[in-house]
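Notes follow the structure.
The values are calculated or read from the model by the stated rules, or taken from the named source; none is laboratory data. Computed from a prediction, not measured in an experiment: that's the story for all the values here. In this analysis, Cβ positions are derived from the backbone assuming ideal geometry, glycine residues included, and neighbour counts consider all displayed protein chains. Areas reflect the complete protein model, heavy atoms only, side chains present, ligands, DNA and RNA absent. Shrake-Rupley method; radii C 1.70, N 1.55, O 1.52, S 1.80 Å.
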There are 2 protein chains.
Amino acid sequence: MSNWYLQGGKESDVVISTRIRFARNLANYRFQAKYTTQEANNILNKIKEITPSIGYGLRYFNLKDIDDLTKISLVEKHVISPEFLKNYENRAILINDDENICIMINEEDHFRMQFFAAGFNIENVYNLAKEVDEKIDSLIGYAYDEQFGYLTSCPTNVGTGMRISIMVHLPGLFLTKNINKVLNVVNNFGMNIRGIYGEGTESQGDIYQISNNQSLGISEKTIIKNTKAITEKIIEQERTARKILTKNSIELEDRVYRSFGVLSNAVKLSTEEARELISDVKLGTDLGIIKELNDAKVLKMQLYTKPANLQKYIGKEIGKYERQIARAKVIKDIIKEN
Amino acid sequence: MSNWYLQGGKESDVVISTRIRFARNLANYRFQAKYTTQEANNILNKIKEITPSIGYGLRYFNLKDIDDLTKISLVEKHVISPEFLKNYENRAILINDDENICIMINEEDHFRMQFFAAGFNIENVYNLAKEVDEKIDSLIGYAYDEQFGYLTSCPTNVGTGMRISIMVHLPGLFLTKNINKVLNVVNNFGMNIRGIYGEGTESQGDIYQISNNQSLGISEKTIIKNTKAITEKIIEQERTARKILTKNSIELEDRVYRSFGVLSNAVKLSTEEARELISDVKLGTDLGIIKELNDAKVLKMQLYTKPANLQKYIGKEIGKYERQIARAKVIKDIIKEN
């Protein structure tokens, strides 16, 4: 059974993944801004101690004991945050084999708990998140205030401490030039939507992340309801855009097959170019235009063309130029797989 | 047996074709600038009458009796000149099935005789040209002056009336940025070299034509010797350029395989884009990088992607947009052929 990020899911023609994150802190320890190295260390030891009791196949790893390639590969999978790697001391993760649960210890908060599923699947992810969250609370006790809710390092996370992030692929809205209109509407709706590769720049690969920007004064139920509603609206608009595109199917077929041609024949490919080409090819596959591929192969290509995951896949560390060559070869291999 | 332009020839990694053209006029008829319609007609009748006596499988066709698509397809094959099509009246061609002999009647001169071979093959083409030329002279008598040689409409063709044109593919010199240097040297050497698609613009498809620009005061032998020498020099320089390129073989492989990828996957292709892509793919095939193709397939692609030949190949007249789609399909079919 492959990991969650290599599986298909509900509405996976548009929705890549569902993530729920809880920010939590322990009741009897000072927060990150104030704690001493010794206190941070005590937190780690405490959590390491209770890990077997949490269950869910979670295992404890000190961040400084994880090799660099693995650390970056986890960021590339969005399982840990890039910020978490800025300091390796007194940080750890709890992670299971499937990697659909990953709890960062001593990131901005004592706990940054992340739960994932492929496709659009808020209910399942939320149920799992609540279970694990309550289990840990019962074992160790969170900092909680009757009036404010869960207390966090940054005031924007106080309250539910919950953020839902839905990663979506919106090439149809981009190609029909409707993407900016949609982004504006969503952002005016109390939600964030932004390109996942560098803010302010154009989303490369047409991948965007929808998330709630409010966690205080709003219930988990309302966050879920709003996120679901806005995501459903975006799915609908993306599908409408694709229908418009398929009316002029020659132009679309030409675009996606040219990208497939370059992707399957290039001898070297940069991360960025691969991302762009895979975006086109995913669209072509999702619309049934490209017959040579399937969802599973597209997911593998998306993952193993990222620099660190590429190196883990081929089993050795190589420089940037060699990666470009290896990336082209890995893509060819994935296309040829049975 | 396929026509000459679908065959390989000597040095065909660089030299596409060898053409020799003789400009001739009849002794007892006024030249084109002066003749009446009746006189032009008399010339046609006279030549039609002697055609069976010339032999070589030549057949007579009035230009106005040839359908438009066929006429343009002959221009695309460089078998007749574009200028010849500017007026259909009182013009005819003698052509054989292989199309390696094509004699235009009442172009700028009474006779514009063209002889062709694939690859670099001046001797054979010259021998054939002389045979046919002498045969016609013996049957009908050319305008010839002891001092000036063969008399022609335009003074630049007086003398031997001979022009040798060698069509060459020079992607290596282009990619190593040596092409302009080579063009300048050749042009200073009493020879012309220019891109075959539109003068003054960049040669699209990296195809150039080398030809002598002098026919008076110089013997046929000297023209042959000079053209051979300069062509051999260019072949050598192109091959040197390709060696340099293959030293950095990843870059070259990437370039030619990307072009192959687009060519074999695009759903629509313009004439110009196809020409550019085929140029890369030909280079890749000639250097043994691209294994999916061979010379014969590249030659077919070069021919049948040209607008009129494309329509003749698929057997119907279609508009420009439909041609772009048909062109992509024909290329896919040629690639898949056994």
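Structure summary
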quantity	calculated
Matching entry among A:Asp133, A:Asp97, A:Asp145 (being in the same structural domain as A:Pro52 (by TED's automatic domain parsing), within 19 Å of the chain's Cα centre (by Cα) and of a type in the set (Asp, Glu))	A:Asp97
Residues satisfying the stated conditions in region A:242-253, i.e. assigned to a helix (DSSP H, G or I) and farther than 21 Å from A:Ile166 by Cβ	A:Lys243, A:Ile244, A:Leu245, A:Thr246, A:Lys247, A:Ser249, A:Ile250, A:Glu251, A:Leu252, A:Glu253
Residue within region B:84-105 that is open to solvent by 10 Å² or more (accessible area, probe 1.4 Å), assigned to a loop (DSSP other than H, G, I, E, B) and under 23 Å from B:Ser219 (Cα atoms) present	no
Residue within region B:253-273 that is within 23 Å of the chain's Cα centre (by Cα), open to solvent by 40 Å² or more (accessible area, probe 1.4 Å) and within 14 Å of another protein chain (Cβ to nearest Cβ) present	yes
Residue in region A:161-182 that is in contact (Cβ under 8 Å) with a residue 24 or more places away in the chain and farther than 29 Å from A:Gly205 by Cβ present	yes
Per-region count, region B:33-67, residues in contact (Cβ under 8 Å) with a residue 24 or more places away in the chain, farther than 16 Å from B:Asp137 by Cα and open to solvent by 60 Å² or more (accessible area, probe 1.4 Å)	5
All positions within region A:1-53 that are of a type outside the set (S, T, N, Q) and assigned to a strand (DSSP E or B)	A:Val15, A:Ile16, A:Arg19, A:Ile20, A:Arg21, A:Phe22, A:Ala23, A:Arg24, A:Leu26
Residues (open to solvent by less than 50 Å² (accessible area, probe 1.4 Å), farther than 19 Å from B:Ile207 by Cα and within 13 Å of another protein chain (Cβ to nearest Cβ)) located in region B:274-292	B:Ile289, B:Ile290
All positions within region A:238-252 that are among the hydrophobic types (A, V, I, L, M, F, W, C) and away from chain B (no Cβ under 14 Å)	A:Ala241, A:Ile244
Some residue of region A:55-64 being among the polar types (S, T, N, Q) and in a loop (DSSP other than H, G, I, E, B)	no
Residue in region A:253-264 that is touching a residue at least 40 places away in the same chain (Cβ under 8 Å), among the aliphatic types (A, V, I, L, M) and in the same structural domain as A:Val281 (by TED's automatic domain parsing) present	yes
